[in-house]
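The values are calculated or read from the model by the stated rules, or taken from the named source; none is laboratory data. What you see is a predicted model; the values in this text were computed from it and never measured. All Cβ positions, even for glycine, are placed from backbone atoms using ideal geometry, and neighbour counts span all protein chains on display.
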Number of protein chains: 2
Amino acid sequence: MAAEFELIETYLAPLTSGHAGAFGLKNDAAVFSGGGDKSVVVTADTLVQGVHFLAEDPPELVARKLLRVNLSDIAAMGGKPFGYLLSVALPPDSGEAWFAGLARGLAEDQAAFRVGLLGGDTVSTVGPPVLSLTALGRVSGDRVLRRDGARAGDDLYVSGSIGDAALGLLVLQDRLAEVPEAAGRALAERYRVPQPRLELGQALAEGGFARTAIDVSDGLVADLEHLARGARLAAELWAAEIPVSPAALELLATAPEQLETVLTGGDDYELLFSARESQRESLSELAQQLDLPITRIGRFSKGEGVSVLGHDGAPLALSRSGWVHLRDDSKKTS
Amino acid sequence: MAAEFELIETYLAPLTSGHAGAFGLKNDAAVFSGGGDKSVVVTADTLVQGVHFLAEDPPELVARKLLRVNLSDIAAMGGKPFGYLLSVALPPDSGEAWFAGLARGLAEDQAAFRVGLLGGDTVSTVGPPVLSLTALGRVSGDRVLRRDGARAGDDLYVSGSIGDAALGLLVLQDRLAEVPEAAGRALAERYRVPQPRLELGQALAEGGFARTAIDVSDGLVADLEHLARGARLAAELWAAEIPVSPAALELLATAPEQLETVLTGGDDYELLFSARESQRESLSELAQQLDLPITRIGRFSKGEGVSVLGHDGAPLALSRSGWVHLRDDSKKTS
């Protein structure tokens with residue numbers, strides 16, 4: 001493989017175009033405007049080969065996922081992303097093609113999300129590739145969405161649909177018996193290329209619609225626990241209301257036991273948020289405007305802990321691991 | 001080792017104290033003020049075990065070095081650091097003591113440099129530990145020091161002393177025959193715990209003293225090449241003027257061939273910068289004020305490339321690798 005300097009010059013420097021403060025990656029640090037009354041939102045996530053992705057995964061997809069999971073964190077705080085830093089640790093025998101693929105994936109997605117590379121580091125490792133990305137965004141100072149803002153009586157909402165990514169991972173791992181081909185492809189795609197809900201996050205923050213938000217990465221139940229704990233409240237989740245995609249429904253029809261996966265699987269990167277009851281109409285309009293489903297799936301109340309309620313309003317058993325053990329509620333829920 | 005959540009809660013969350021925007025690491029992203037008319041400076045560096053540090057190196061020192069090399073990049077742009085994000089990839093069998101040591105080292109240095117942990121990621125790896133740090137600072141919008149600002153006729157300066165760290169590495173690797181004990185300890189310490197020149201960088205930027213700056217990490221000659229190339233100028237470096245510490249002098253007395261190491265070894269983390277001739281007096285005053293040597297060691301002129309000149313003004317041979325082959329100039333220079 002080419003030397004670090006050449007790799008950066010050839011593959012990464014072009015990704016800085018339009019960002020003068022990146023200095024074409026020729027400086028050790030990048031500079032950007034604080035943006036007047038704006039606050040800056042910053043987050044970092046790391047993907048390790050053999051843990052978060054496989055050696056045979058196309059590097060384009062790995063890069064896009066890495067960027068998107070970070071952008072999802074920016075979305076959850078209502079931020080508008082503008083740049084990122086990339087740190088890559090690669091074994092010396094990595095093919096240059098892999099690095100080139102990484103840069104191609106980043107180029108594609110940074111155009112889609114209007115962000116640019118600001119800096120980073122490219123080093124050798126004696127282990128598997130490790131990719132760290134730090135993403136930066138801006139948000140109006142007092143409009144940041146946090147995890148601890150829910151109040152008792154707030155409605156609980158989720159965007160898009162839940163469970164596709166976790167089912168998609170099972171499809172990719174060949175762990176499901178019968179998977180309709182088109183459905184399998186759609187689910188796998190959602191696992192591989194998550195969609196950060198940036199427009200929604202920004203609208204929720206700017207419009208003051210949401211009181212608290214999180215992106216669903218650990219799993220719907222686990223992430224709701226984060227919101228409930230953050231606000232020192234109890235939350236109930238109405239299993240029958242959870243939005244599920246047509247592909248997931250098709251799969252659940254033959255494998256109803258996978259509803260557990262839907263509720264707890266994670267990697268959805270949808271936004272889970274709370275809002276006052278008085279916002280119901282505004283949120284319904286926002287959903288139409290963004291052409292993105294926003295579904296009311298529960299509410300917050302005084303107390304603590306998360307209850308998952310079945311169709312009849314009775315709680316489903318929830319193990320300490322956060323794993324839901326369903327009591328024959330699969331048909332009602334789907 | 002404890003679960004990721006507990007590690008973060010126990011060891012990292014305390015490092016966010018005083019930084020409300022870090023939300024105690026309970027959010028996925030942190031938020032900070034853009035700072036009005038200030039610009040934000042951001043940089044990232046990665047250390048890999050087995051490449052940049054050894055398994056037996058104390059984690060406190062690894063952490064401090066990681067933070068300091070990033071702060072040095074902030075210093076080179078004239079920034080005042082305020083926070084950082086830390087991404088750690090660790091093998092599952094890492095002892096918790098190692099992680100605790102890492103946190104102790106960060107705690108010590110973040111107090112010294114008045115920065116706080118803002119976020120990051122802690123993940124598993126099947127390879128050796130990989131530590132990525134992103135540092136953030138602020139600088140007045142139009143005062144950022146860049147690498148491409150030198151003009152023909154500018155003086156070239158360097159802070160502190162050059163060569164200690166590279167010699168210190170040789171000491172640690174036991175690659176030098178006779179090393180006086182106290183000198184060896186002093187040199188090794190400079191390799192292990194670099195000193196980011198933050199006050200100097202900020203003074204150079206705020207006072208408008210410097211036209212361009214870089215921190216010496218690749219080596220004095222190589223980093224001067226960065227400045228010369230950035231400005232499309234030639235630069236000459238006066239070998240006899242390069243400031244060398246008493247410990248390095250003592251070692252060079254018995255190993256004069258190590259002057260090569262001084263000129264090209266790197267890891268000094270001193271600031272190398274250019275200034276107008278008219279700033280000589282101001283810089284001399286600044287050196288006194290900061291109690292830090294600032295030495296004039298060369299100048300920029302029209303043309304290209306870096307010449308290293310010996311005591312008699314004749315150029316020393318410089319190989320393409322950036323490695324200096326001295327022509328019996330060692331005595332004159334030391």
Q) Quick check: anything in segment B:35-45 closer than 30 Å to residue A:270 by Cβ, among the hydroxyl-bearing types (Ser, Thr, Tyr) and modelled with pLDDT of 85 or more? A) no
**Q.** Test for residue B:244: is it surrounded by 17 or more Cβ atoms within 10 Å (Cβ to Cβ) and in contact with a Gly (Cβ under 7 Å, 6 or more places away or on another chain)
**A.** yes
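Could you say which residue among A:260, A:250 is in the same structural domain as residue A:317 (by TED's automatic domain parsing), more than 12 Å from residue A:166 (Cα to Cα) and either touching a Ser or Thr at 6+ places or on another chain (Cβ under 7 Å) or surrounded by fewer than 21 Cβ atoms within 10 Å (Cβ to Cβ) (or both)? It would help to see each step written out before you state the result.
Values: A:260 fails: more than 12 Å from residue A:166 (Cα to Cα).
Sole residue among the options that is in the same structural domain as residue A:317 (by TED's automatic domain parsing), more than 12 Å from residue A:166 (Cα to Cα) and either touching a Ser or Thr at 6+ places or on another chain (Cβ under 7 Å) or surrounded by fewer than 21 Cβ atoms within 10 Å (Cβ to Cβ) (or both): A:250.
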Q.
Going by what's in this entry, would residue B:166 be described as buried (at least 24 other Cβ atoms within 10 Å of the Cβ), within 14 Å of chain A (Cβ to nearest Cβ) and either under 26 Å from residue B:221 (Cα atoms) or among the small types (Gly, Ala, Ser) (or both)?
A. no
Q. What number of residues within segment A:35-58 satisfy the criterion of being in contact with a helix residue (DSSP H, G or I) (Cβ under 9 Å, 6 or more places away or on another chain), over 26 Å from residue A:172 (Cβ atoms) and assigned to a loop (DSSP other than H, G, I, E, B)?
A. 1
(Q) So for segment A:57-66 (the condition being within 13 Å of another protein chain (Cβ to nearest Cβ), over 16 Å from residue A:136 (Cα atoms) and touching a residue at least 60 places away in the same chain (Cβ under 8 Å)), does at least one residue qualify? (A) no
Q: Look through segment A:84-105, keep the residues that are crowded, with 24+ Cβ neighbours inside 10 Å and in contact with a Leu (Cβ under 6 Å, 6 or more places away or on another chain), and return whichever of them is farthest from residue B:120 (Cα to Cα).
A: A:88
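Please specify each residue of segment A:13-34 satisfying the condition of being more than 7 Å from every other protein chain (Cβ to nearest Cβ) and in a loop (DSSP other than H, G, I, E, B). So that I can check it myself, show each step before the final result.
Taking segment A:13-34 first, the residues more than 7 Å from every other protein chain (Cβ to nearest Cβ) are A:13-22, A:24-25.
Of everything in segment A:13-34, those that are more than 7 Å from every other protein chain (Cβ to nearest Cβ) and in a loop (DSSP other than H, G, I, E, B) turn out to be A:17, A:18, A:19.
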Q: State all residues of segment B:72-118 that are within 17 Å of residue B:130 (Cβ to Cβ) and within 14 Å of another protein chain (Cβ to nearest Cβ); if no residue qualifies, say none.
A: B:84, B:85, B:86, B:87, B:88, B:89, B:90, B:91, B:92, B:93, B:94
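Filtering segment B:220-236 down to residues that are of a type outside the set (A, V, I, L, M, F, W, C) and more than 12 Å from chain A (Cβ to nearest Cβ), which residue is farthest from residue A:26 (Cα to Cα)?
B:236
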**Q.** segment A:206-219, residues that are under 17 Å from the mean Cα position of the chain (by Cα) and among the aliphatic types (A, V, I, L, M)
**A.** A:213, A:214, A:216
Q) Taking residue A:266 and the conditions (1) over 22 Å from residue A:73 (Cα atoms); (2) at pLDDT below 95, which numbered condition does it fall short on, given that it satisfies the others? A) (1)
Q) If a residue has to be surrounded by fewer than 18 Cβ atoms within 10 Å (Cβ to Cβ) and at pLDDT 90 or above to count, how many in segment B:125-147 make the cut? A) 1
Q) Taking segment B:238-291 on its own, how many of its residues are of a type outside the set (Lys, Arg) and more than 19 Å from the chain's Cα centre (by Cα)? A) 30
Q: Could you please tell me which pairs satisfy a Cβ distance under 6 Å, a separation of 6+ or placement on different chains, a first residue in segment A:30-56 that is more than 25 Å from residue B:146 (Cβ to Cβ), and a second residue that is modelled with pLDDT under 85 and crowded, with 21+ Cβ neighbours inside 10 Å?
A: A:39/B:31; A:41/B:29; A:41/B:31; A:43/B:28; A:43/B:29
Q. Within the group A:96, A:108, which residue is touching a helix residue (DSSP H, G or I) at 6+ places or on another chain (Cβ under 9 Å), within 17 Å of residue A:194 (Cα to Cα) and of a type in the set (Asp, Glu)?
A. A:108
